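Asks: First the structure, which I've put down as structure tokens, then a few questions once you've had a look.
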Amino acid sequence: MKETEKKPVHKFERVCEILEGYSRDPAKLIPILQAVQEEYRYLPEEVLAYIATSVGISPAKVYGVATFFAHFTLEPKGKYIIRICDGTACHVKKSIPILEALQKKLGLDDQRKTSADMLFTLETVSCLGACGLAPVMVINEEVHGQMTPESTLAVLEGILKEEGKC
């Protein structure tokens, strides 16, 4: 077998554990996909096919569910998902300069949303529901309010230092 043909067996070990935890029940497809995405930070295509086979439904149905819900992603995401709110309150209080500062620092743009080292994914969202803290940024589940480009970069520097990247 060629090196390029080898597939690591351990790649599906965690998926098998998740499937077993949900008794391979096709009615539990959404929680299965949520658990897999939490594990991998996205839904790899080959894992979707494996899930379909394992629960006894078509790959098209699994793919349909994975692409229907905005929560799911088929693209790899970084360890830190940074969401910048650009809803009305945040936009008025200058969320775009915050976004631009992060894009510049991380070498990202509107097409490239994940850093090359897979550490950061930068997204804009319509609303984070924290208008009183505008402009708002969420990193993973941690909310940061009343941000400026400078305070945003300071938070980013803290993460980089924690990751040993400074």
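Read the figures in this text as sums done on the coordinates, not as results from a lab. From a predicted model like this one, the values you see are computed outputs, not experimental measurements. Every residue, glycine among them, receives a Cβ derived from its backbone with ideal geometry; neighbour counts consider all protein chains shown.
Asks: Please tell me if Leu128 is touching a strand residue (DSSP E or B) at 6+ places or on another chain (Cβ under 7 Å) and buried (at least 16 other Cβ atoms within 10 Å of the Cβ).
Replies: Here the answer is yes, as Leu128 does meet what is asked.
Asks: Additional query: Being over 24 Å from Cys127 (Cβ atoms) and not acidic (Asp, Glu) is the filter here; which residues of region 142-158 pass it?
Replies: Correct list: Ala154, Gly158.
Asks: Here's something else I'd like to know. Would you check which residues across region 37-58 are assigned to a helix (DSSP H, G or I) and touching a Leu at 6+ places or on another chain (Cβ under 6 Å) and list them?
Replies: Residues satisfying the conditions are Gln37, Ser54.
Asks: For region 92-116, how many residues meet the condition of being free of Cβ contacts under 8 Å to residues at least 24 places away in the same chain, over 17 Å from Ile139 (Cα atoms) and not charged (D, E, K, R)?
Replies: 3
Asks: State yes or no: is Ala52 without any contact (Cβ under 8 Å) to a residue 24 or more places away in the chain and among the small types (Gly, Ala, Ser)?
Replies: yes
Asks: What about Glu45, is it acidic (Asp, Glu) and more than 23 Å from Leu106 (Cβ to Cβ)?
Replies: yes
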